[in-house]
Amino acid sequence: MDFGVDTAKAAVIAIDLHRGHLDPSVATMPLEAEKAARVVENNRIFFDKCRAAGIPIVHLVTRYRDVAEIRSNPFWRTRADDPNASRKNVEHHNLDGMPGCNIMPELLHKDDMIVDTKKRYDCFVATDLDFTLRRHGINTLLMTGVNTSSCVLATSIRANVLDYATICIEECVDTMDGPVLHEAALTCLRAAFGWVMSGDEALGHLAG
C-alpha cells in the first residue's frame, strides 16, 4: 500500500495507555474493565511485533501539575456538574504524583520514548512530540490508545495537518464514550485523515 510518503519510517504513537484509564484499581477515568484488558493485551502483542521490526514506540501520557491546568479548559470545568458525563472526574484525573500517571507496566520497554507533558486531547499541543518525531526522521504514525473519540481522533487530525501519514491500529484503540462514538471516530479518520487497519495489515504494508 502507498501511504503517500517516499519511504515510510514509522513510529507507534501510544496514547494514554496509563493506569488512569486502564487499571481498574486506580483509574479516575476508566475504560470498562473488559475493554481495558483487551486494549492492554492487543497493544502488548502489537508492540512486541513493532519492536521486533525496529519500529520505535512513543508513549504519550497525560499529566497535570495542578487542577488549574485542567480547569482552564472551559468545557472540562462543566463536566463535574454532570454526574452522567464520561469525564465527570476530569478535575481529579492524572495529577502529578497520582498512580494513574504510570504507563501500564506490561506495555513499557526501557527503549521506548516517553512524552509525559500531554495536557489536552491533541498530543502535539504543549509537548515536544513533533520535535521528537522529526529529529528521528519519522513520517508515518501508527496510532494506538485511549480514547478513540477524543485523544486518538484529535491527535490523528493534527498529525494529518502536519503532513504525517497516519494509520490507526483498529484493535489497539477504544473509548470510554461507548461503541457508537468509537465507530464514529474511526469513520471520521477513514474519510479524511488517514488509514484504519489491523496491526498485522499495517506491519505487512510497511514491510512490503
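Per-structure values
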| read-out | value |
| --- | --- |
| Tally of residues being charged (D, E, K, R), surrounded by fewer than 23 Cβ atoms within 10 Å (Cβ to Cβ) and farther than 21 Å from Leu206 by Cα across the range 154-195 | 3 |
| Every residue from the range 120-132 that is among the aliphatic types (A, V, I, L, M) and under 15 Å from the mean Cα position of the chain (by Cα) | Val125, Leu129 |
| Any hit, the range 74-90, residues being of a type outside the set (Ser, Thr, Tyr), in contact (Cβ under 8 Å) with a residue 60 or more places away in the chain, surrounded by 13 or more Cβ atoms within 10 Å (Cβ to Cβ) and out of contact with any His (no Cβ under 6 Å at 6 or more places or on another chain) | yes |
| Residue within the range 139-153 that is in contact with a Gly (Cβ under 8 Å, 6 or more places away or on another chain), under 15 Å from Ile13 (Cα atoms) and surrounded by fewer than 18 Cβ atoms within 10 Å (Cβ to Cβ) present | no |
| Condition check for Val26: closer than 23 Å to Leu95 by Cα and modelled with pLDDT of 95 or more | yes |
| Single condition Ile45 does not satisfy, out of (1) more than 19 Å from Asp177 (Cα to Cα); (2) out of contact with any Lys or Arg (no Cβ under 6 Å at 6 or more places or on another chain); (3) crowded, with 17+ Cβ neighbours inside 10 Å | (3) |
| Cβ-Cβ under 6 Å pairs, at least 6 apart or on other chains, the range 46-57 side under 10 Å from Ala14 (Cβ atoms), far side assigned to a helix (DSSP H, G or I) and not acidic (Asp, Glu) | Phe46/Gly199; Ile57/Phe47 |
| Helices (runs of 4 or more DSSP H) enclosed by the range 1-95 - at least 3 residues per element that are of a type in the set (A, V, I, L, M, F, W, C) and closer than 25 Å to Thr132 by Cα | 33-52 |
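The values are calculated or read from the model by the stated rules, or taken from the named source; none is laboratory data. All values derive from a computational prediction rather than experimental measurement. Reconstructed Cβ throughout: ideal geometry from the backbone, glycine too, with neighbour counts over all protein chains shown.
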